[in-house]
Amino acid sequence: MLTKDLLRVSRAGGGYHPQFAGREHRPLAARVIGTYQGHVGHTREELEDALTDLERDADHFKLVRGFSALLERDATFETDAEIDPERARRATFEAAEDVGVVTDEQREAALVRAADGLGLSADVLERALYADLEERQVLAAVDPRWEPDDLVAQYNLSLAQTALFDATELRVRSSDPKALVSAIKRLRLMYEIRKTDAEGPSDREVVVTGPTHLFRATRRYGTRFARLLRTIAKAGEWRLAATIDDRGTERVLELSEDDPVRVPDAEPVADVSFDSSVEADFAGRFSSLDLDWELVREPEPLETGTRVMIPDFAFDYRPAGSARSGSSDSSDGSRSDFRVFFEIMGFWTPEYVEKKLAQLADLEDVELIVAVDESLGVGEEIAAREFRAIPYSGSVRVKDVADALREYERQLVAESAAALPDELRPDADVVSLAELAADRGVGEDALADVAVPEHERVGRTLVRPSVLEELGEEIEAGSSLSEAETVLESYGIADASAILSELGYRVEWEGLAGGTIVERE
């Protein structure tokens, strides 16, 4: 991005058009790069004089200054002095007070006196006096990251970003909408998605709301728009229309992939991972719990009439022992996967809250939990739309969300059990409940009331009686635990303690040396 004073736009026809650099400006970009490289070891003042000479030959002086502003980020300026300038000034001023400087001769005498006290020559001291002033700093090194073509491209991107500083609203269509929305959410911008019939890269238009729709315009908010442009311009096809507050006059800035705006490097869009600290805090605490629900960030969009809503999170039901193939339906019609969406409504403007409520009203056949800031006072309205509303203040209570999810769990277990037959007859001689549940696409709890007449339930394992008889013959009292476990493993049994108990044995432990199989009294 460039500073606002380097912005070059045309307002012809009431529009707002950035004046991009073209191929014809490549030689100028090369000369600016060469000027920096040729002034290593020279002062900033000498460098700026050379750049001023270039400005006289350029189409516009701001073009040279824009190239220079980008290159200066790769330049290192240092203070070239044998003594710290502040120390040099202090010593010289003290000597001047003693001498009483009025004439040039007295000034020279003060310098000589101060230099003698510092062990320096008067010339060295004089050069150090103001060596830390910006114009006297020396260009120590410059390592441009761009060739001339890339410098022109970076200038155009930076110019477009600067033009967005005063945007109040962006309307974007992109061939990569998921990346766009992800960047918007990470930058903590407010947005909504509308369906459109217009031709172009997408049938969905993302509307990003600007600062005047909130409380007051801030430069930080404008720079978020500018940073968002990096993600927009990375898409193969895109269209952007921005409403610009041009010193009180509303203008429209339009850009697309046809403009010379591209991203010559891979600078990340933002360091922020979540829309807010409330979301980040909730995600961290929820992920540490051992629940049968998997937290999904930025799930698929939901249709809400003519608009689209992307909830903050989704919870996918992954019960222990259930299939995780991604299919939500098993062969017998039972449900193994189930998704509940989760939206966190923090404090925004009344207009934004109304839009959110309108979106919720248009959702159909969706399970949704809404954590709503108590200050909004809309919990009852959300509940009236048959969605679960969880009030919060400061942070969302994980327990409240977990309790809501457990209600879904009880319902799902009941539905899964109802879909199962009254009895099951597995082909395998030995099968764990987890394996059987996964095969049927249900959780283990759904098998609690299902009969398995050809097998015995031993702990969490189903075993045919004939196998139990064989095990009774192979495992004898006095055998070591490791020997018994080897026999059980050959039958595919991992739950040794439950099987040994069923056979009438227990383990008598012998410290760290292991255990021995003995008959249970």
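The values are calculated or read from the model by the stated rules, or taken from the named source; none is laboratory data. Every value quoted in this text rests on a predicted model; they were computed, and no experiment measured them. Reconstructed Cβ throughout: ideal geometry from the backbone, glycine too, with neighbour counts over all protein chains shown.
Some values worked out for this structure:
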read-out	value
Where a residue in the stretch 277-297 is in contact (Cβ under 8 Å) with a residue 60 or more places away in the chain and within 12 Å of I344 (Cβ to Cβ) and its partner, wherever it lies, is assigned to a strand (DSSP E or B) and of a type in the set (S, T, Y), with Cβ under 8 Å and at least six apart	V278/Y392; V278/S395; D281/S395; F282/S395
Residue pairs meeting the criteria (Cβ under 9 Å; at least 6 apart or on separate chains; first closer than 25 Å to R262 by Cβ and at pLDDT 90 or above, in the stretch 18-47; second aromatic (F, W, Y) and part of a loop (DSSP other than H, G, I, E, B))	A29/W146; I33/W146
Among residues of the stretch 191-200, those that are touching a helix residue (DSSP H, G or I) at 6+ places or on another chain (Cβ under 7 Å) and crowded, with 19+ Cβ neighbours inside 10 Å, counted	1
Residue match in the stretch 70-81 (condition: under 30 Å from R247 (Cβ atoms), of a type in the set (F, W, Y) and under 41 Å from the mean Cα position of the chain (by Cα))	no
Verdict on D176 being crowded, with 23+ Cβ neighbours inside 10 Å and touching a residue at least 40 places away in the same chain (Cβ under 8 Å)	no
Pair list, Cβ under 6 Å, 6 or more apart: the stretch 468-482 residue assigned by TED's automatic domain parsing to the domain that holds E508, other residue of a type in the set (A, V, I, L, M) and part of a helix (DSSP H, G or I)	E474/V487; I475/A484; I475/V487
Yes/no for E82 being in contact (Cβ under 8 Å) with a residue 40 or more places away in the chain, among the acidic types (D, E), touching a helix residue (DSSP H, G or I) at 6+ places or on another chain (Cβ under 8 Å) and surrounded by 13 or more Cβ atoms within 10 Å (Cβ to Cβ)	yes
Hey, P311 under 23 Å from I232 (Cα atoms), modelled with pLDDT of 65 or more and touching a helix residue (DSSP H, G or I) at 6+ places or on another chain (Cβ under 6 Å) or not	no
Hits in the stretch 417-451 (condition: part of a loop (DSSP other than H, G, I, E, B) and under 21 Å from Y491 (Cβ atoms))	L424, R425, P426, D427, A428, D429
Residues within the stretch 1-17 that are touching a helix residue (DSSP H, G or I) at 6+ places or on another chain (Cβ under 6 Å) and either more than 22 Å from R262 (Cβ to Cβ) or part of a helix (DSSP H, G or I) (or both), tallied	1
Of all residues making up the stretch 437-466, the number that are crowded, with 20+ Cβ neighbours inside 10 Å and free of Cβ contacts under 8 Å to residues at least 60 places away in the same chain	5
Selection count, the stretch 117-152, where residues are of a type in the set (K, R) and more than 23 Å from G66 (Cβ to Cβ)	2
Residues of the stretch 161-209 classified as more than 17 Å from the chain's Cα centre (by Cα), within 22 Å of P299 (Cβ to Cβ) and basic (K, R), total	4
L47 vs. criteria over 26 Å from V124 (Cα atoms) and part of a helix (DSSP H, G or I)	no
Members of the stretch 65-96 that are of a type in the set (D, E) and within 30 Å of H25 (Cβ to Cβ)	E72, D74
So R285, is it assigned to a helix (DSSP H, G or I) and at pLDDT 70 or above	yes
All positions within the stretch 401-433 that are modelled with pLDDT under 85 and not β-branched (V, I, T)	E409, R410, Q411, L412, A414, E415, S416, A417, A418, A419, L420
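Yes/no per residue for (1) acidic (D, E); (2) more than 21 Å from A140 (Cβ to Cβ):
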residue	(1), (2)
Y16	no, yes
G22	no, yes
P27	no, yes
H39	no, no
E45	yes, no
T79	no, no
E82	yes, no
F93	no, yes
T103	no, yes
